[in-house]
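The values are calculated or read from the model by the stated rules, or taken from the named source; none is laboratory data. The structure displayed is predicted, hence computed values, not measured ones. Neighbour counts run over all protein chains shown; Cβ positions are idealised from the backbone, glycine included.
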Amino acid sequence: MKKQKPLDEIKAEILDAQENDPVVGGPAKNVELIGTSSRRGFLKTLGISAVLVALGGQLFAMLRSLFPNVLYEPPQKFKVGTLDKFTDGGTFLEDKRLFIFRQQNTFHAISAACTHLGCTVKMVKLNQPKKVTAGGKEIDEQVEFHCPCHGSKYYGDGTNYAGPAPRPLDYFNLEVSPDDGQLIVDMAKKVEQDYRLTT
Amino acid sequence: MATENISAPPAKPGTNSGFLKRFAFKPAWEKLTWTWRPETKREAGDAIVRNFVLHWFPAKVSLESLSWGYSFWLGTISAVLFLILTITGGVLMFLYVPSVERAYLSVKDLEFSTSYGWFLRGLHRIGAHLMVAVVFLHMVRVFLTGAFKNGRKAVGQNRPLNWIVGVALLLITLLLSFTGYLLPWDQLAYWAITVGTNIASSAPVFGEPTRFILLGGTTIEQATLIRFYVLHCFLLPLATLWLVSYHMWRVRKDGGLACVEKRYEEAKKEEQPAIASKTYSLLGITGGTAVDVRNVMVDDEKDKVPSSPYLTVRLAVVTLSTLVASIVLTLIVKAPLEEAANPAVTPNPAKAPWYFLWLQELVTITTFTVGGFTINGALIGGIILPGVLVLAAVLWPYFDKSPVSSIGRWFPKERKWQNWIFLLIVAAILILTFIGTYMRGPFWEIYMPWQEWEQTPRKF
């Protein structure tokens, strides 16, 4: 077994190295070797990269865990009742915040969430039907939507014409359930203003 | 030199302005990492003294303090574990819900639905167990090396005070672990806290009110959960931070780790020459020696090295090793989750957390009946015995009569009896913990670790 140097000798060597060299030695000096083509430089590069990858991986895991994989919320696609439940004109579904409009056999669903800041708009029946031009077409409207929060106003087809609302009310996809004939609204699928479900 | 910008104005050695001018011209990468590769002794000192995080350390540190085999860096390891626990705990606070209806389900979500949730919870739990163990080992090390003793009273040392702060920190660590234990709200958690708080309630006079405040009532319910949660996430960590800061500040105020004391002892043994100096008298200046100037002067600089890089690199090694060990253990040891808490069904056996199992053992074996009078084991084994131990620990530095030469050394002859008795107590605690963990089965009967437990009905 190799004879161990006495502690005093080791101490003296370290302190001597410091005294005689203006550049303080020690392991950290080897950081400069990163990028050099020596074996030591390679190992140092490997070491520091490994630490950065490890810490980066930890950070990623912590941030990723904050994006939930499972949501404890009601589904966006749901049944709202059989077709005969809906009369001609607009029916307001309060808990889902949407209007179901029916004209004989044609249905469409308009969101009641104001596009400005999300308040629930009120459907206002007009005393006299009004003729308005919206989207290049002339419509005879019976109802309008007024938002109580900041005064946004929408025509019966959802087009915004007054107030701070930036765009028309959303339309949602509709379909009829094959098993029990109920109307299904899919709030995750937005459709165009001219969309109609004909049964 | 390769890293120096030639167009930078030349630095005048020893002036502040030279340093600042040179620093301004360094590229961004160097501005972040210069403390790790000082180019001159001045830079080495500045790297520590001017750094927000590092300036707690001295600019130069003694070689003995850096030794792995003296302190095993246990204090540093427990600080690193506390950091890991704080970070993982902070993320977990977004994912865990402290409500009796939702707590268990949120922990289940963590384990099975949240990405890396099992890892966060596992790392937090392993960190907690390791911290209790490491803090305990740190206390054992400090006692065995006599580092709770004062060496040079003249410089205002107060190591006994720091020892008491350490004991307080040990108790807070145990409380942190205890409050955290309840949060999953499964059978293991619920009944462990039932056992623990019932032991607390057997204290005379203050026992019942203590249990009442801890639980926020008479049963372990929503009030208990939210109290333990706030204690665990806010009040106890705050107390830990405050005391740990004072604890570390005290170490520097006392002159460093206790292992540096022997240098002063050696210096005392040497003959101190009288210091020739001038004496000012009424009739003018006379020669000769000044009165009472014989002093123990120690050349501190002889045995010291710059903290940057010697201390900082070792700190990095300790931090990373602790992190690696914790992560490996997390990957190997799965965090348990039993059925949801059910106050109607007591598991058989119902065990306290492992660091309190020695207490549970004591409690079961110290119930005495004298005549018609029974003394509850919870009082003797749960309150009196541990209370006496804590009191003995706190007061021991003031009763210790061993000489100053025994400070900062492992197993010095002068403290042989102290150390043996201390080790005996530690061994007793460890043996009781082992028995409680591996040898107690249903109905708290003794089972050999290899024996199968009898199938006992679990629903009464």
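Annotations for the structure displayed:
- Any hit, segment B:230-237, residues being in the same structural domain as residue B:134 (by TED's automatic domain parsing) and under 30 Å from residue B:157 (Cβ atoms): yes
- Options B:78, B:17; residue that is among the small types (Gly, Ala, Ser), modelled with pLDDT under 90 and in a helix (DSSP H, G or I): B:17
- Residue-level analysis places residue A:63 outside the set of residues that are loosely packed, with under 13 Cβ neighbours inside 10 Å, at pLDDT below 85 and within 14 Å of chain B (Cβ to nearest Cβ).
- Elements of type strands (runs of 3 or more DSSP E) in segment A:112-199, at least 1 residues being under 27 Å from residue A:75 (Cβ atoms): A:122-134, A:137-146, A:171-176, A:182-191
- Selection within segment B:303-321 - in contact (Cβ under 8 Å) with a residue 12 or more places away in the chain, more than 7 Å from chain A (Cβ to nearest Cβ) and assigned to a helix (DSSP H, G or I): B:307, B:308, B:311, B:312, B:314, B:315, B:318, B:319
- Candidate set from segment B:116-169 (those that are of a type in the set (Lys, Arg) and over 12 Å from the mean Cα position of the chain (by Cα)); member that is farthest from the other protein chains (Cβ to nearest Cβ): B:153
- Test: residue in segment B:207-226 that is modelled with pLDDT of 95 or more, among the basic types (Lys, Arg) and out of contact with any strand residue (DSSP E or B) (no Cβ under 7 Å at 6 or more places or on another chain): no
- Only one of the numbered conditions (1) in contact with a helix residue (DSSP H, G or I) (Cβ under 9 Å, 6 or more places away or on another chain); (2) at pLDDT 85 or above is not met by residue B:69, and that is (1).
- Scanning segment B:89-110 for residues that are crowded, with 16+ Cβ neighbours inside 10 Å and either at positive phi or away from chain A (no Cβ under 12 Å) (or both) turns up B:98, B:100, B:103, B:104, B:107.
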